[in-house]
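Data block below; observations after.
Just so you know, all these numbers are worked out from the coordinates, no wet-lab data involved. Please read these numbers as outputs of a predicted model, since none were measured by experiment. So basically every Cβ, Gly included, is an ideal-geometry build from the backbone, and we count neighbours across all protein chains shown.
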Amino acid sequence: MQVSENGRFRVNGGRGLQLPSLIGFGLRVTVPAPEVPIPVYLTGDPRLAPVTVWSAETSYSHSLASGLRFDASLFYTRTDKLIASPGGLLM
């Protein structure tokens, strides 16, 4: 939104969802591990809820007479029900 001849104000927001992977959601997968004498399984939790992310941004930009431009921005992100893999990444 143009607020003056040299100034511009912006507002942006959104919501996103990340669903659990099939393994995270409860699919049982056998992992081949020839060195291990017992079977190894990856299993998840069918009660997992999707991750929700809310984000918002506002900014102001102003062009100065000297040819310089002033920009200021504020960001906000909120994540609920984050899903993390225990032990980090599987290789």
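Here are several values of percent of Cα pairs over 21 Å apart: (i) 59; (ii) 54; (iii) 25. Which one was derived from the coordinates shown?
(i)
For L17 and L64, what is the calculated FRET efficiency with R₀ set at 35 Å and r taken between the beta-carbons, to the nearest 0.05?
Computed FRET efficiency for L17 and L64: 0.25.
If contacts are Cα pairs under 8 angstrom and at least 6 residues apart, what is the relative contact order of the chain in percent?
It comes to 29 percent, rounded to a whole number.
Which of S55, S66, S21 moves the most in a Gaussian network model of the chain with Cα springs under 10 Å?
S66
For the range 23-72, what is one quarter of the convex hull surface built on the Cα atoms, given in nm²?
Spelled out: convex hull of the Cα atoms, projected over all directions, averaged, 8.0 nm².
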